[in-house]
Amino acid sequence: MKRDIITIDEEKCTGCGLCIPGCPEGALQVIDGKARLVSDLMCDGLGACIGECPEGAISVEQREAVPYDEYAVMEHVVPQGENTIKAHLKHLKDHGQDEFHAQAVDYLNKQGIPVPEDQEAAGCKNMFSACPGSKTVSFSGSESTDIGEGREHASGLTHWPVQLHLLSPSSPHYRDSDLLLAADCTAFSTGLFHSTFLKGKTLAIACPKLDDGQEVYLEKLQALIDTARINTLTVLIMEVPCCGGLVRLAQTALQRATRRIPVKVIVVGIKGDIIRDEWL
């Protein structure tokens, strides 16, 4: 995907190292006498380090790069101690990075690491300052039960959001998961969507005909394959011709990705019957 990321002019860089403390994510190191970006996924592209360089060697460019990964950053930040954790959280808050701030707090909570008091409050505020529908949440799905008169049919969903435009490929629930990419109409055409298709999988939904931003879809699917490292991809579509666009999106994303994963296509009829079920 194309995004903002820093670049370093090696001819101007003197290797002074003053930019290193200006990168709370730990994406910069001095190697062979020059400051270098050691990891694309740890650079958020905000350019907080630029003002620390006395030689003007650092700037922001837009280029192809893997998505920024807050959880990978936290794995680097945490071993450096409480002061570094606090500085990183403050950096995210000061730059309005609400989603990443919430992910950092989520990481600390899951690791049983105390969240700095001032940042804990900020984390709660930040998570809800954006649209609540796009807030990343992981939760435990329950086993589906047989449908019967007077019986509740449990959900197999384990996370939110699920719409492809809203979801973040860096969300932890996608890592090493089996992904179901479902056309919007499929859930309304079959009564066993959760127990038959969703059970044991993470979910992304999209409409290949009506949704705008198809290039964004390609970038996110590629990131799910390369960065989230999903194990398999199942594409669930309707029998109508326009739904075939979702399969083509998946195939194009796989071609662009550096990894190769198994892809299955399931075609559902407008009456809910399964017309096709095969691995590509």
message = 5 Å is the cut-off here: which amide hydrogens, built 1.01 Å from N in the peptide plane, fall below it relative to ALA35, excluding neighbours closer than 5 in sequence?
response = GLY15
remark   = Dipole check, segment 188-232, charges on Cβ (K,R +1; D,E -1), about Cα centroid: among LEU210, SER189, ILE225 the Cα furthest to the positive pole belongs to SER189
request  = Return the ratio Rg/(2.2 N^0.38 Å) for segment 142-280, where Rg is computed over Cα atoms only.
outcome  = 1.01
remark   = A student applying the Cα gyration tensor rule (rounded when a/c is under 1.5; otherwise prolate if a/b is larger than b/c, oblate if not) would label segment 170-249 oblate
request  = With springs only between Cα atoms under 10 Å apart, run a GNM on the chain and tell me which of GLU25, GLU75, GLU219 wobbles the most.
outcome  = GLU75
query = Order of ASP176, ASP211 from fewest to most other C-beta atoms within 10 Å?
reply = ASP176, ASP211
request  = Answer with one residue from HIS95, ILE113, HIS173: the one whose Cα lies farthest towards the positive end of the charge dipole of the chain, charges on Cβ with Lys, Arg +1 and Asp, Glu -1.
outcome  = HIS173
ask   = With Cβ to Cβ distances under 14 Å as the rule, what net charge do the other residues near GLU215 carry (K, R +1; D, E -1)?
value = +1
remark   = Reduced to Cα centres, the span from segment 35-102 to segment 171-202 in Å works out to 33 Å
query = Comparing CYS242, CYS43, CYS23, which has the greatest mean-square fluctuation in the GNM of the chain with Cα pairs linked when under 10 Å apart?
reply = CYS242
key: Assigned charges on the beta-carbon of Lys, Arg, Asp, Glu; segment 2-64 dipole about Cα centre (debye)   = 40 debye
inquiry  = If each DSSP helix of 4+ residues adds -39,500 (n - 2.57) and the sum is divided by the residues in the chain, what number results at 222 nm, nearest 500 deg cm²/dmol?
reply    = -8500 deg cm²/dmol
ask   = Rounded to the nearest 20 Debye, what is the dipole magnitude of the chain about its Cα centre when Lys and Arg each give +1 and Asp and Glu each give -1 at the C-beta?
value = 620 debye
message = If you take semi-axes √(5λ) of the Cα gyration tensor in Å from the coordinates, which of (1) 30, 24, 15; (2) 26, 22, 19; (3) 40, 23, 14 do you get?
response = (3)
request  = Provide ASP98, ASP277 in ascending order of the number of other Cβ atoms located within 10 Å of each residue's Cβ, fewest first.
outcome  = ASP277, ASP98
inquiry  = Suppose every Lys and Arg Cβ carries +1 and every Asp and Glu Cβ carries -1, with no other charges. What dipole size does segment 208-280 come out with about its Cα centre, to the nearest 20 debye?
reply    = 240 debye
query = Among the aspartates and glutamates, which have Cα under 17 Å from the Cα of LYS2 when same-chain residues fewer than 8 positions away are ignored?
reply = ASP40, ASP44, GLU61, GLU64, ASP69, GLU215, GLU219, ASP226
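Every read-out reported here was derived from the displayed coordinates using simple, explicitly stated rules and does not represent laboratory data. Just so it is clear, the model here is predicted, and its values are computed rather than measured. Note: ideal-geometry Cβ built from the backbone for every residue, glycine included; neighbour counts use all protein chains shown.
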